[in-house]
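The values are calculated or read from the model by the stated rules, or taken from the named source; none is laboratory data. Just so it is clear, the model here is predicted, and its values are computed rather than measured. Here Cβ is always computed from backbone atoms with ideal geometry, including for glycine, and neighbour counts include all displayed protein chains.
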Amino acid sequence: MLTLATLGMAGYGAYSAIWGLAALLRGTHLEWWADLALILFGLLLMLSAAFVRVTLPGGFAFALGALLGLQALAIHNAAHLTGRVDLAPQLGRGAFSALLLAMAWLGARRPHTE
């Protein structure tokens, strides 16, 4: 379960970083700092996924902070790109983040048999 959470966090972080880089290079309707923040939080989530995997103290909080930053940027971007914030996509993104965190927490609590 811990490995699946790690892969999910790393994938979500890579997706966010690539999306932010593409938006920065394309010159979408967002501010440049929002695209840079998306790249930064994506990279931070990928790094924190490694910390979660090795159960480094503080790794879970690091992942939580990166996921909250990505959620805040998703709300900001939705408001600027569409002019409104729809509830369903934001709840879906939040539920996915909560699932990743729950799997990481439960996976870290299981005794490792090696």
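Looking at the range 15-31 only, could you name the residues that are under 20 Å from Thr3 (Cβ atoms) and not in a helix (DSSP H, G or I)?
None - no residue of the range 15-31 is under 20 Å from Thr3 (Cβ atoms) and not in a helix (DSSP H, G or I), so the list stays empty.
Which residues, counting only those in the range 57-97, are closer than 25 Å to Ala108 by Cα and either among the polar types (S, T, N, Q) or loosely packed, with under 13 Cβ neighbours inside 10 Å (or both)?
Looking only at the range 57-97, we keep the residues that are closer than 25 Å to Ala108 by Cα, and these are 57-71, 92-97.
Residues satisfying the conditions are Pro57, Gly58, Ala61, Gln71, Gly92, Ala95, Ser97.
Within the set of pairs 6+ apart or on separate chains, which have a first residue in the range 69-94 that is closer than 19 Å to Gly27 by Cβ, a second that is assigned to a helix (DSSP H, G or I) and aliphatic (A, V, I, L, M), and C-beta atoms under 8 Å apart?
Correct list of pairs: Leu73/Ala34; Leu73/Ala37; Leu73/Leu38; His76/Ala34; Asn77/Ala34; Asn77/Leu38; His80/Ala34.
So which residues in the range 33-89 are polar (S, T, N, Q) and modelled with pLDDT of 95 or more, if there are any at all? First the steps, then the outcome.
Going through the range 33-89, the residues polar (S, T, N, Q) turn out to be 48, 55, 71, 77, 82.
Correct list: Ser48, Gln71.
Going through the range 32-55 one residue at a time, which ones are surrounded by fewer than 19 Cβ atoms within 10 Å (Cβ to Cβ), in contact with a helix residue (DSSP H, G or I) (Cβ under 8 Å, 6 or more places away or on another chain) and either part of a loop (DSSP other than H, G, I, E, B) or of a type in the set (Ser, Thr, Tyr) (or both)?
Thr55
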